[in-house]
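Working notes, structure below.
We did not get these values from a lab; they are worked out from the coordinates using the rules stated. The shown structure was predicted, so the numbers you read here are calculated from the model rather than taken from an experiment. Glycine gets a Cβ as well: all are built from the backbone with ideal geometry, and neighbour counts include every protein chain shown.
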Amino acid sequence: MNLHPYYKLSKKGPVEHLKARAAGSGPWTVTAYCQALGLKAGSLPGGGTIGILELGGGWVPADMAQFFASINQPVPTITDVSVDGTKNAGANGGDASVEVALDIQVAAAVYQYLTGKQAVVRMYWSQGIDTAALASSKDGCAVCSCSWGDYESAWGAADLAAMQAALVTCTGAGTTFFAASGDNDADDGDGTSKPSVDAPASCTNAVACGGTSTPQSGPSVIWNDNPGNASGEGTGGGYSSTFPFAAWCKGPTGSGRMVSDVASNADPDTGFEIVQGDQVQVIGGTSAASPFWAGLFAALGPKGQGFVNAKLWGSQGSFVPVTSGTNGAYPADVCCGLGVPSEATLTLLTGASPAPPAPSPTPPNPTPTPTGVLTAAQVADAQAAVTAVLNKELWLMEKSQVAPLLTAALAALGPVPAS
């Protein structure tokens, strides 16, 4: 089994990205993407620790400082945890360091946008996804994000069973586990051009995260750079050959566990601007979707929600569905599941009641329409007021000058009725 990360580099250069953005497409900053989804800054309490597992690569503080300064956020607290002797390789991490930077920067940026608080990230370095997931739950992480995997048949039945057992323990302890659904369209890169799904995303207790192509304007569509090609570059998704179709899943019924459950931006051409190796890069892949959802869930509160799939699928109306495109074999409602989040998703997950509609403003009291007629009492009051003013402000004019003016004004108002 050759577990590998699911990030994709954009093939476009900076000038092409600028032109694309001007045309309503192009890459996103994490915060701008959150805003486009209608997610409100500072709307969640936060407090959840973000667990991220990595099988290789490394990160350096300078990249984190540059990235978070670019989006006006603090650098999160990042702690490295070696599960089995695997360690953060720092600047010597090779290509896998792109994955590491993407995971930390997306997850923490989402969390900090939604909470206005500094994120706490624990990096679990391991050669086993299952052992890293278990370590994150033992440490009380609210979430664990996994952007590594391989097609199901590469795992073998025993390894898949062990992975699912680990996730049962993980979610049972309160840690929600998110997994990238793969970046090689319907066959997941197994080379057969026949449908296959990625694990651990296919495990029943994982939240499988599919990928969309999301322009700066317009709706999200399924991410597929090679339409009609089952072994191209695009979101994974389909039906498991190992795990059964789940009773809680309200998606199209299939031969096994449906992948994916949720989705977010993954197309490298509409990807996220990150910093790695002191360079700003545009990165996509379902490796961006998993940490995005992990950061969102960690923002919900200090206590993780554990197994959430049944809850999510029980509230389909709280998401924005993706309805256009295929990954070469399966439509968007399979590969992107429920779709992308909205403000209603946050309401669902926090258990808050929707805000009541704002009350209609009280209409102002109508201004009385002048009739041109004063009562005798009103005339007497007016005369008394004028006299009081004149007695105090004699230096302004003589009484003899005011009397004709007052008389003329009263005459213009018409007859005075009896009081």
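Between region 191-229 and region 13-27, what is the separation of their alpha carbon centroids in Å?
23 Å
How charged is the neighbourhood of VAL221? Take every other residue with its Cβ under 13 Å from the Cβ of VAL221, and add Lys/Arg as +1 and Asp/Glu as -1.
Residues near VAL221 contribute -4 overall.
May I ask you to sort ASP333, ASP63, ASP80 by Cβ crowding, counting other Cβ atoms within 10 Å and putting the fewest first? Let's see the in-between values first.
Values: ASP333 18, ASP63 21, ASP80 15.
Ranked by crowding around the Cβ, least crowded first: ASP80, ASP333, ASP63.
Would you please give the residues with an amide H less than 5 Å from that of GLU233, counting only those at least 5 places away or on a separate chain, with H modeled from the backbone geometry?
Under 5 Å from the amide H of GLU233: ASP225, ASN226.
Please list 289-301, 19-31, 337-349 highest first by mean number of surrounding beta-carbon atoms within 10 Å per residue.
Packing proxy ranking, top to bottom: 289-301, 337-349, 19-31.
In what order do TRP155, TRP223, TRP248 fall by count of nearby beta-carbon atoms within 10 Å, going from fewest to most?
TRP248, TRP155, TRP223
Of LYS8/LYS87; LYS8/LYS117; LYS40/LYS311; LYS8/LYS194, which sit over 26 Å apart, Cα to Cα?
LYS8/LYS117
Using the count of nearby Cβ atoms within 10 Å as a rough guide to exposure, how do GLU16, GLU233 rank from fewest to most?
Numbers: GLU16 14, GLU233 19.
Fewest-to-most ranking of GLU16, GLU233: GLU16, GLU233.
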